[in-house]
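Novice: Please find one structure pasted underneath; my questions will follow.
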């Protein structure tokens, strides 16, 4: 069976990104033979270009492709780097947790519309915390190499729920 819309796909892959000079690649994520990444193709949960590059492959096929940053997590934007008053990080009557609010840490945050997000602490001053809300892979080309482990037709229930059930998927 080949990969197309509404198939359950299991792959082993290695994701790397290149440095700015394309001299070396940094390993971001890797799956292993005992625990492949399993997903419902065409459900909209993954990068569209990732799925497009796998369409038409079958179990045993290898893949090696790059997704340009603009088709992945977008370009890094200065608009997503913000200064937040230090007081927002200090609960009333308490002191700043300098272990948590420190440059290089990711913090869970909520925007003014109630959306959860992760922000990277870039700088902490006496008045502000500078945070970067760009995706960690924004501005990076994504290089995927791997093998298709298994392809099967998705059940009607999986298609209705928009995700894989059972092994490698969601359990209700």
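Novice: What number results when the radius of gyration of the chain, computed over Cα atoms, is divided by 2.2 N^0.38 Å?
Specialist: 1.29
Novice: So what does log10 I(q)/I(0) come out to for the range 78-132 at q = 0.17, 0.20, 0.22, 0.30 Å⁻¹, using the Debye formula with one equal point on every Cα and no solvent?
Specialist: -0.51, -0.71, -0.86, -1.40
Novice: Just subtract the alpha-carbon distance of residue 123 and residue 62 from 0.36 nm times their residue separation and send over the number in nm, one decimal.
Specialist: On the way: separation 61, 0.36 × 61 = 21.96 nm, distance 4.26 nm.
Roughly 17.7 nm would be gained on extension.
Novice: Still on this structure: Report the extension gain between residue 160 and residue 4 in nm, rounded to one decimal, defined as 0.36 nm multiplied by the number of residues separating them, less their alpha carbon distance.
Specialist: Working: separation 156, 0.36 × 156 = 56.16 nm, distance 1.65 nm.
Computed gain between residue 160 and residue 4 is 54.5 nm.
Novice: Turning to a different aspect of this structure: Based on alpha-carbon centroids, what's the gap between the range 1-40 and the range 85-133 in Å, whole number please?
Specialist: 32 Å
Novice: If you don't mind, another one. Taking only C-alpha pairs under 8 Å that are 6+ residues apart, what is the relative contact order of the chain in percent?
Specialist: The normalised contact order for the chain reaches 35 percent.
Novice: Can you tell me the order of 93-106, 52-65, 128-141, 148-161 when each peptide is scored by its average per-residue count of other Cβ atoms within 10 angstrom, highest first? Before the final figure, lay out the partial values.
Specialist: On the way: 93-106: 10.2, 52-65: 14.1, 128-141: 17.9, 148-161: 15.7.
Those peptides, ordered most packed to least, come out 128-141, 148-161, 52-65, 93-106.
Read-outs: derived from the displayed coordinates by stated rules, not from any lab. Computed from a predicted model, the values in this text were never measured in an experiment. A quick note on method: Cβ atoms are made from the backbone with ideal geometry, for glycine too, and the neighbour counts reach across all protein chains shown.
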